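The values are calculated or read from the model by the stated rules, or taken from the named source; none is laboratory data. Since the structure is predicted, the reported quantities are computational estimates derived from the model, not experimental observations. Positions of Cβ are backbone-derived with ideal geometry, glycine not excepted, and every protein chain shown enters the neighbour counts. All accessible areas refer to the heavy atoms of the entire protein, side chains included, with ligands and DNA or RNA removed. Shrake-Rupley method; radii C 1.70, N 1.55, O 1.52, S 1.80 Å.
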Amino acid sequence: MSTVILDQVSLAYPGGTLGLADIDLNIGDGEFIALVGPSGSGKTTLLRTVAGFATPTLGEVRIDDTIVASSTHSVEPERRGLGMVFQQHAVWPHWNVGRNVEYPLRRAGVPRAERLQRVTETLALVGLSGYEKRNPATLSGGQRQRVAIARAIVARPRVLLLDEALSALDEPLRDRLRLELRQLTRELGLTVIHVTHDRNEALALADRLVVLEGGRIQQQGTPAEVLRAPATTFVANFIADATLIEGTVSPKGFTADDHPLTLASAALEMLGISSPPAASNAAAELAVLPEHVRITADPAGDAVVVSSLFGRDGDDLVVDWRGLRLRSRAHGVRCERGTHVRVDIERAFVALIGEGADSAAAARSSSQTKHALTPEPQGVVI
């Protein structure tokens, strides 16, 4: 097991484009971290920086007590003691399963008898006992990905890196392998960094989520913490499918722009500040989670269901409420498309925007941007 620490890591590409900005991340022994965010958010760049395929412009990357990357120093990927599994399993077709798994041990000069023993033990761990002589072409996609995982862990890596490792698989195989992967990493006590675009996968697997946008960490915490208390409206929208609504906020509550929606202050949870501002018309953005939207069938209701997806515990609905599209995911609610309904919002998150935003947060952001945009040019690679 190993720790991974990124200390004030920034990465700028030629031309000034930022890949990462002021990343502070401390990953503990045996912790399973999921990096999530939209395309271009920096999650793969962060993984590549830990792996050694990209070098930070500023800051340091440490594995245990060893600095493996800084603006002036970079340890080669093969010397960092990492195991890696990619979206495409990259199992060599001209070698049998045993030879594929054995490859890292052969490169490391491990004696033949020990190689064979460790290959046998590792294949047993991933549920492929007796497959040593099998041709990869005779395996299913899930079995080939198991071979890739076995190859990644046979050398007993310090850290396991997963880059969309399960996304090429079909359900329910993907779901089964997800469960097996989590059990395996727990049994081995592996420290894992997992990049995925699948939010449900991240929530199911991770001890801690790290949500990125624009090369910056927007929030990190347990899945329950991020769902229950998003740090920003962006996090609420990306992780929990929140509807974002612009309006104004005051001590009395929130009023939407160009819509009759209002919410009393008791139903609001402020993001970034402890209470609504004294100003009566501070610009704000509301984030409404589907779980907090209550739908009641009502022929006289002023909203109509425009999409209804069947779920095990209730339908996943989209309603048009006087031009505002809202998602609802309430247990036990079944409504067909075209049903007129009444909408009640029980709770919502709200953040100030524009000139009314928290000045302290704005100052921190300005300082971080200045720090990240003034790197030394000699540190830029890849």
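Numbers for the structure displayed
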read-out	value
Some residue of the range 237-250 being open to solvent by 30 Å² or more (accessible area, probe 1.4 Å), more than 28 Å from the chain's Cα centre (by Cα), touching a residue at least 24 places away in the same chain (Cβ under 8 Å) and over 23 Å from L209 (Cβ atoms)	yes
Test: D7 is under 17 Å from the mean Cα position of the chain (by Cα), open to solvent by 10 Å² or more (accessible area, probe 1.4 Å), among the acidic types (D, E) and modelled with pLDDT of 95 or more	no
Of all residues making up the range 157-167, the number that are more than 17 Å from the chain's Cα centre (by Cα) and open to solvent by less than 10 Å² (accessible area, probe 1.4 Å)	1
Any hit, the range 316-323, residues being open to solvent by 80 Å² or more (accessible area, probe 1.4 Å), within 28 Å of L268 (Cα to Cα) and either at pLDDT 50 or above or within 27 Å of the chain's Cα centre (by Cα) (or both)	yes
Flag for V119 being touching a strand residue (DSSP E or B) at 6+ places or on another chain (Cβ under 7 Å), open to solvent by less than 30 Å² (accessible area, probe 1.4 Å) and without any contact (Cβ under 8 Å) to a residue 40 or more places away in the chain	no
Residue check, D29 without any contact (Cβ under 8 Å) to a residue 24 or more places away in the chain, closer than 17 Å to T191 by Cβ and not hydrophobic (A, V, I, L, M, F, W, C)	no
The range 71-91 - residue that is modelled with pLDDT of 90 or more and in a loop (DSSP other than H, G, I, E, B) and, of those, farthest from G142 (Cα to Cα)	T72
Long-range neighbours under 8 Å by Cβ, at least six apart or interchain, first residue hydroxyl-bearing (S, T, Y) within the range 301-327, second open to solvent by 40 Å² or more (accessible area, probe 1.4 Å) and assigned to a strand (DSSP E or B)	none
Index of the failed condition, L261 passing every other in (1) at pLDDT 95 or above; (2) closer than 26 Å to L35 by Cα	(2)
Hits in the range 20-69 - residues which are polar (S, T, N, Q) and either open to solvent by less than 50 Å² (accessible area, probe 1.4 Å) or assigned to a loop (DSSP other than H, G, I, E, B) (or both)	S39, S41, T45, T49, T55, T57
Meets criteria (farther than 19 Å from L209 by Cα and either charged (D, E, K, R) or surrounded by fewer than 16 Cβ atoms within 10 Å (Cβ to Cβ) (or both)) for T17	yes
Checklist (1) of a type in the set (A, V, I, L, M); (2) outside any strand (DSSP E or B); (3) over 9 Å from the mean Cα position of the chain (by Cα) applied to A202, failing item	(3)
Condition met for G109 (of a type outside the set (F, W, Y), out of contact with any helix residue (DSSP H, G or I) (no Cβ under 8 Å at 6 or more places or on another chain) and at positive phi)	yes
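Let's see how each residue does on (1) open to solvent by 30 Å² or more (accessible area, probe 1.4 Å); (2) touching a Phe, Trp or Tyr at 6+ places or on another chain (Cβ under 9 Å); (3) closer than 27 Å to R199 by Cβ; (4) part of a helix (DSSP H, G or I):
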{"site": "A113", "(1), (2), (3), (4)": "yes, no, no, yes"}
{"site": "L123", "(1), (2), (3), (4)": "no, yes, no, yes"}
{"site": "Y131", "(1), (2), (3), (4)": "yes, no, no, no"}
{"site": "G142", "(1), (2), (3), (4)": "no, no, yes, yes"}
{"site": "A148", "(1), (2), (3), (4)": "no, yes, yes, yes"}
{"site": "L169", "(1), (2), (3), (4)": "no, no, yes, no"}
